[in-house]
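Input: a single structure, listed below in structure tokens.
The values are calculated or read from the model by the stated rules, or taken from the named source; none is laboratory data. Everything numeric in this text was worked out from a predicted model, so none of it was measured. Backbone-built Cβ (ideal geometry, glycine too); neighbour counts: all protein chains shown.
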Amino acid sequence: DQQVKQNSPSLSVQEGRISILNCDYTNSMFDYFLWYKKYPAEGPTFLISISSIKDKNEDGRFTVFLNKSAKHLSLHIVPSQPGDSAVYFCAATTRFISSGSARQLTFGSGTQLTVLP
Amino acid sequence: DGGITQSPKYLFRKEGQNVTLSCEQNLNHDAMYWYRQDPGQGLRLIYYSQIVNDFQKGDIAEGYSVSREKKESFPLTVTSAQKNPTAFYLCASIGSGYTFGSGTRLTVV
């Protein structure tokens, strides 16, 4: 059972336009969400995160929106640049439960973003 | 510079052999994790360790083993019991956030 789902395996966007990557989750215990960017043969690099007490977090060209009632989050990249072409992973965790698996990240399957020049 | 070092970057294994992937961090992080990435799938947790001399199985631990004798080191052994070991393996540690290594691509030949 996938607790974090990224239903679009790929997305193509023209340079300068907005990229919107979507993520859905099923576990209501998740209270912290992260987006990672990954190039081939490299480790993921952290992009942006959001706590469940917020509905929006912005960092430069990247904005993450959280809709808790819909268990949905999205990453907006604007304007998109060719260097943004990568696989983007959504991840979720529970930060404040003192169990052995606390802070374990559950990842979605990723979305390959291609920004066309 | 602080970070996580995974070695080797590429590794080839013959069927029936055990291989060990190295993960070293100098971030003074207590918790370390091993993930596996397959095409079209997210990162799946193999093993994790919250503290030295202690580790726990993740979602797909069968065919793998780990040790945590030092805080800085969390090696992963892929044993011959792992039926489909060809994958990209990522090590991570957690302090204020997650830090990932650059990964090891293991191929069975």
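Checking region A:12-30 against the condition returns no match, with no residue being crowded, with 16+ Cβ neighbours inside 10 Å, out of contact with any Lys or Arg (no Cβ under 8 Å at 6 or more places or on another chain), of a type in the set (Ser, Thr, Tyr) and within 12 Å of chain B (Cβ to nearest Cβ).
Residues in region B:26-45 that are within 13 Å of chain A (Cβ to nearest Cβ) and part of a loop (DSSP other than H, G, I, E, B) were compared, and the one that is modelled with the lowest pLDDT is B:GLY40.
State which residue pairs qualify: first residue at positive phi and inside region B:13-36, second residue surrounded by fewer than 16 Cβ atoms within 10 Å (Cβ to Cβ) and of a type in the set (S, T, N, Q) in any location, beta carbons under 8 Å apart, and separation of 6 or more residues or different chains. Here the result reads B:GLY16/B:SER80, each pair linking region B:13-36 to a residue that is surrounded by fewer than 16 Cβ atoms within 10 Å (Cβ to Cβ) and of a type in the set (S, T, N, Q). Within region B:38-62, the set of residues being crowded, with 16+ Cβ neighbours inside 10 Å and in contact with a Pro (Cβ under 9 Å, 6 or more places away or on another chain) comprises B:LEU43 only.
With respect to (1) within 13 Å of another protein chain (Cβ to nearest Cβ); (2) of a type in the set (Phe, Trp, Tyr); (3) more than 14 Å from the chain's Cα centre (by Cα), the lone exception for B:PHE55 is condition (3). Of the residues contained in region A:33-47, one or more are found to be without any contact (Cβ under 8 Å) to a residue 40 or more places away in the chain and either among the polar types (S, T, N, Q) or in contact with an Asp or Glu (Cβ under 6 Å, 6 or more places away or on another chain) (or both). Hey, could you check region B:46-55 for residues that are out of contact with any Phe, Trp or Tyr (no Cβ under 6 Å at 6 or more places or on another chain) and in a strand (DSSP E or B) and say which is farthest from B:GLY97 (Cα to Cα)? Ranking the candidates gives B:ASP54 first.
Residues in region B:67-94 that are within 15 Å of A:THR45 (Cα to Cα) and assigned to a loop (DSSP other than H, G, I, E, B): there are none.
Among the residues of region A:92-117, those identified as of a type in the set (A, V, I, L, M, F, W, C) and modelled with pLDDT under 90 are A:PHE96, A:ILE97, A:ALA102, A:LEU105.
Pairs linking a residue in region A:74-94 that is within 16 Å of A:LYS5 (Cβ to Cβ) and surrounded by fewer than 17 Cβ atoms within 10 Å (Cβ to Cβ) to a residue that is at pLDDT 95 or above and among the basic types (Lys, Arg), with Cβ atoms under 6 Å and 6 or more positions apart or on different chains, do not occur. Residue pairs whose Cβ atoms lie under 7 Å apart, separated by 6 or more positions or on different chains, with the first residue in region A:6-19 and within 26 Å of B:GLY42 (Cα to Cα) and touching a residue at least 12 places away in the same chain (Cβ under 8 Å) and the second β-branched (Val, Ile, Thr) and part of a loop (DSSP other than H, G, I, E, B), are A:ILE18/A:VAL78. Among what's in region B:95-109 and is outside any loop (DSSP other than H, G, I, E, B) and within 14 Å of chain A (Cβ to nearest Cβ), pick the residue that is surrounded by the fewest Cβ atoms within 10 Å (Cβ to Cβ). Ranking the candidates gives B:THR107 first.
Against the definition (farther than 24 Å from B:SER102 by Cβ, in a strand (DSSP E or B) and among the β-branched types (Val, Ile, Thr)), how does A:VAL115 come out, yes or no? No, not satisfied.
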